[in-house]
Amino acid sequence: MSVSISDASVKRTQQERRAITRRQILDAAVAVLFRDGYSAATTLRIQHEAGVSRGRLLQQFPSREALLVAAVQHLATARMEDMRHREDWPHDPTERIDWAIEIMWPTFHQPYFWAATELWLASRANDKLREALLPEERRLGHLVRATTDAFFGGELCARPRYELVREQLNTSMRGAALTYALDPRDPATDPHLHEWKLMARELLT
């Protein structure tokens with residue numbers, strides 16, 4: 001059975017509309033999580049934020065847990081994919097280290113980081129959320145490591161203590177960023193930045 005050009009165009013247009021609706025819902029979910037926290041991030045609140053009907057939201061995401069997890073993963077993945085493909089890295093190893101750290105640190109202050117933090121904390125006492133979140137966070141963890149590797153480049157990644165540096169930086173930055181929930185300030189002035197650079201230089205150069 002052949003499919004006419006007009007039928008194919010209609011199908012493509014429908015798919016495009018669904019994709020646009022999905023992005024609207026995901027962006028709205030992250031916005032609500034970031035602004036209002038997990039307890040306020042109900043499907044009804046997200047529906048209103050996205051400006052879509054209840055039916056369209058439920059068609060895309062049958063449960064609140066699936067929606068919230070997908071939202072954070074969507075935004076974090078898109079952001080990291082964008083950052084991985086920049087090409088203006090310095091060639092000097094010390095400069096490359098400094099640049100990598102200066103680019104890593106702001107990622108822990110983006111809306112998707114705080115939205116993810118809301119889910120992590122909520123999942124401690126929510127088995128259903130934890131079951132939905134854990135496999136996706138493991139997948140995202142692989143992407144975080146790959147993105148960090150792209151920041152540092154092949155030469156530095158080949159150094160014997162690189163993996164230690166990568167894990168120390170990511171865990172330390174995550175912990176330091178959490179203090180900003182209680183004490184908001186300019187991340188660019190954080191004294192840890194200098195310490196992270198010194199540590200990485202010492203271990204990698």
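Placing +1 on the Cβ of each Lys and Arg and -1 on the Cβ of each Asp and Glu in segment 64-204, which of Ile97, Asn126, Pro160 has its Cα farthest towards the positive end of the resulting dipole?
Positive-end residue among those listed: Asn126.
What is the dipole size for the chain, taken about its Cα centre, with +1 at each Lys and Arg Cβ and -1 at each Asp and Glu Cβ, in debye to the nearest 20?
Charge dipole of the chain: 980 debye, to the nearest 20.
Across 10 Å bins from 0, what is the distribution of all Cα-Cα pair distances for the chain, in whole percents?
Cα pair-distance distribution for the chain, in percent: 8, 29, 29, 20, 11, 3, 0.
Only counting other Cβ atoms within 10 Å, I'd like Ser39, Ser53, Ser172, Ser123 sorted with the fewest neighbours first.
Numbers: Ser39 8, Ser53 11, Ser172 15, Ser123 20.
Lowest to highest Cβ neighbour count: Ser39, Ser53, Ser172, Ser123.
Let me know the charge dipole size of segment 115-205 about its Cα centre in debye, to the nearest 20, where only the beta-carbon of Lys, Arg (+1) and Asp, Glu (-1) is charged.
180
³J(HN,Hα) across segment 133-142 via Karplus (A = 6.51, B = -1.76, C = 1.60, θ = phi - 60°), whole Hz, x for Gly/Pro?
So the Karplus estimates, Gly and Pro as x, are 7, 4, x, 6, 5, 5, 4, 5, x, 4 Hz.
Give me the angle, in degrees from 0 to 90, between the Cα long axis of helix 93-107 and the longest principal axis of the Cα atoms of the chain, rounded to the nearest 10.
Between helix and principal axis, roughly 40 degrees.
Tell me, what ³J(HN,Hα) does each residue in segment 187-203 have, in order and in whole Hz, if you take phi through Karplus 6.51 cos²θ - 1.76 cosθ + 1.60 with θ = phi - 60° and put x for Gly and Pro?
In residue order, the calculated couplings are x, 5, 9, 5, x, 4, 4, 5, 5, 5, 5, 4, 4, 5, 4, 5, 8 Hz.
Calculate for the chain the 222 nm mean residue ellipticity that helices alone would give, adding -39,500 (n - 2.57) per DSSP H run of length 4 or more and normalising by residue count, nearest 500 deg cm²/dmol.
Rounded to the nearest 500, the figure is -26000 deg cm²/dmol.
How far is helix 64-84 tilted, in degrees, relative to the longest principal axis of the Cα atoms in the chain, given as a value from 0 to 90 rounded to the nearest 10?
Approximately 50 degrees, to the nearest 10.
What is the extension gain from Ser53 to Glu163, computed as 0.36 nm multiplied by their sequence separation minus the C-alpha to C-alpha distance, in nm to one decimal? Walk me through the intermediate numbers first.
Details: separation 110, 0.36 × 110 = 39.60 nm, distance 4.65 nm.
35.0 nm is the gain from fully extending Ser53 to Glu163.
What distance in nm separates the two pseudo spin-label positions at Leu182 and Asp88, each 7 Å out from Cα along the beta-carbon direction?
Going from the Leu182 label point to the Asp88 one covers 3.8 nm.
Quantify how much of the Cα-Cα distance distribution of segment 28-131 extends past 18 Å, in percent. Write down the numbers at each step before the final one.
Working: 2947 of 5356 pairs.
Pairs farther apart than 18 Å: 55 percent.
Placing +1 on the Cβ of each Lys and Arg and -1 on the Cβ of each Asp and Glu in the chain, which of Leu57, Ala200, Ala116 has its Cα farthest towards the positive end of the resulting dipole?
Value: Leu57.
Convex hull volume of the Cα atoms in segment 108-151, per residue, in Å³?
It is 63 Å³ per residue.
Just flag the trypsin sites (Lys or Arg not before Pro) in segment 103-205 sitting in loop per DSSP whose Cβ has no more than 16 other Cβ atoms within 10 Å.
Arg124, Arg161, Arg185
Could you give each residue of segment 158-172 its phi-based ³J(HN,Hα) in whole Hz, using Karplus coefficients 6.51, -1.76, 1.60 with θ = phi - 60°, and x for Gly or Pro?
7, 5, x, 9, 4, 4, 4, 4, 4, 5, 5, 5, 5, 6, 5
Since every read-out is calculated from the coordinates, none of them should be taken as a lab result. Keep in mind it's a predicted model, so treat the numbers as computed, not measured. Don't worry about glycine lacking a Cβ; one is built from the backbone with ideal geometry, like all the others, and counts go over all protein chains shown.
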